[in-house]
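Below is one structure, written out as structure tokens, with a few remarks after it.
Only the coordinates and a few stated rules stand behind these numbers; no lab work does. In this text the structure is predicted, and so the values were computed from the model without any measurement. Because the Cβ atoms are built from the backbone with ideal geometry, glycine has one as well, and the counts that use them run over all protein chains shown.
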Amino acid sequence: MTLMNDQTPMTDAPAAKATPTLPDAQVVTAVKHYTDRLFSFRVTRPASLRFRSGEFVMIGLMGDPDPKTGKQRPLLRAYSIASPSWDEELEFYSIKVQDGPLTSKLQHVQVGDEIILRPKPVGTLVHDALLPGKRLWFFSTGTGFAPFASLLRDPETYELYDQVIVTHTCRDVAELTYGADLIESIKTDELLVELIGEETLAKLVYYPTTTREQSPKMGRITDLLKDGTVFKDLGIEDGLSAETDRAMVCGSMGLNVDIKEILESHGLEEGANSDPKHYVVEKAFVG
Ligand code: A2P
């Protein structure tokens, strides 16, 4: 099941795949550029790779040869898997940093190219790290949307909660596109609607905001939570509580610190795989 290929005009993979020559090589099957800072790509999935929606893996490319020895080492970074656990391919959503050691190169990958993927998924943005609750919040900025693109396409997310609210704050409207397209596909893609269930989809609430360009909802999500705007907009009268609310947070260091403070001021405590509680946090990859 290759959702993005069904939905969006990504380039198809060539019929004959290149023979892997890198250690843990996977072949790029699609690439889509959103802005000069953001792109997504899909790769083949190792047959043996099992993961929980929301987890991350180490991916990368071979680095430049060492000037002295001529030896090349893999250049790897942690990337959230943006596709759900049932998908036969793997999707990633990445920033492009022009002088970033990995993304300055990774942004040029094309269909048929190889990347390195270490098949050892880990992470805390998983359902297992949260206690049962009624309302699940996904708070993200920038590429921090990636793990939620995985969880939002996993039927389990809707089975576990009465309401699933995903907030995404970006500088401008173009940077919201990946998330907006994903939400649209969940509501209109035949396969996804069938998988998740049309009635269940009513549980999904999308709350995008921008900070540097005019859009229907402006401001940092942290400010909109603190002044009560979010609750007013969504018709939530009782605010956040440890009894009903669960949260997953993925964004810049600043967002993570500020949201943590807000959640803890409402009595929510940070959980882990070995100690499930009310919220979990991971830093979005930035380099
Ligand atoms: P702002 O424009 O006010 O800095 P970036 O592209 O730099 O990773 O930022 C993504 C989005 O996250 C931007 O809209 C940015 O807002 C917002 N942001 C940055 N720091 C915080 C924070 N501490 N709390 C909430 N949002 C933040």
Exercise. Taking amide H positions as placed in the peptide plane 1.01 Å from N, state which residues far from SER53 in sequence (5 or more) or on other chains have amide H under 5 Å from it.
Key: SER85
Self-check item: Cα→Cβ-extended label distance, 7 Å offset, between ASP172 and ARG220, nm
Solution: 2.1 nm
Quiz item: Running Debye on the stretch 136-203 with equal point scatterers at the Cα sites and no solvent, what base-10 log of I(q)/I(0) appears at q = 0.16, 0.19, 0.22, 0.24 Å⁻¹?
Solution: -0.52, -0.72, -0.94, -1.08
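Return the loop-located chymotrypsin sites (Phe, Trp or Tyr not before Pro) in the stretch 61-102 (DSSP other than H, G, I, E, B) with at most 16 other Cβ atoms within 10 Å of their own Cβ; answer none if there are none. Please report the intermediate quantities before stating the final value.
Details: sites: TYR79, TRP86, PHE92, TYR93; in loops: TRP86.
The qualifying sites are TRP86.
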Quiz item: Roughly how many whole Å is it from the C-alpha centroid of the stretch 26-41 to that of the stretch 177-203?
Solution: 21 Å
Quiz item: Can you pull out the trypsin sites (Lys or Arg not before Pro) in the stretch 93-192 that DSSP calls coil and that have at most 14 other Cβ atoms within 10 Å?
Solution: LYS134
Quiz item: Highest GNM mean-square fluctuation, the chain, Cα pairs closer than 10 Å: which of LYS32, LYS120, LYS71?
Solution: LYS71
Exercise. May I ask for log10 I(q)/I(0) of the stretch 37-82 at q = 0.14, 0.20, 0.31 Å⁻¹, from a Debye sum over the Cα atoms as equal point scatterers with solvent left out?
Key: -0.50, -0.82, -1.22
Self-check item: Gain upon complete extension [ASP99, GLU184; 0.36 nm per residue less C-alpha separation]
Solution: 27.3 nm
Practice problem: Highest first, please rank the peptides 51-59, 109-117, 235-243 by the mean number of other Cβ atoms sitting within 10 Å of their residues. | Solution: 51-59, 109-117, 235-243
Quiz item: In which sequence would GLU213, GLU199 go, from the one with the fewest C-beta neighbours within 10 Å to the one with the most?
Solution: GLU199, GLU213
Quiz item: Mind checking the log10 I(q)/I(0) for the stretch 85-168 at q = 0.10, 0.12, 0.23, 0.24 Å⁻¹? Debye, one equal scatterer per Cα, no solvent, two decimals.
Solution: -0.34, -0.48, -1.27, -1.33
Quiz item: Could you give P(r) for the chain, binned at 10 Å from zero, as whole percent values over all Cα-Cα pairs?
Solution: 6, 29, 36, 21, 7, 1, 0
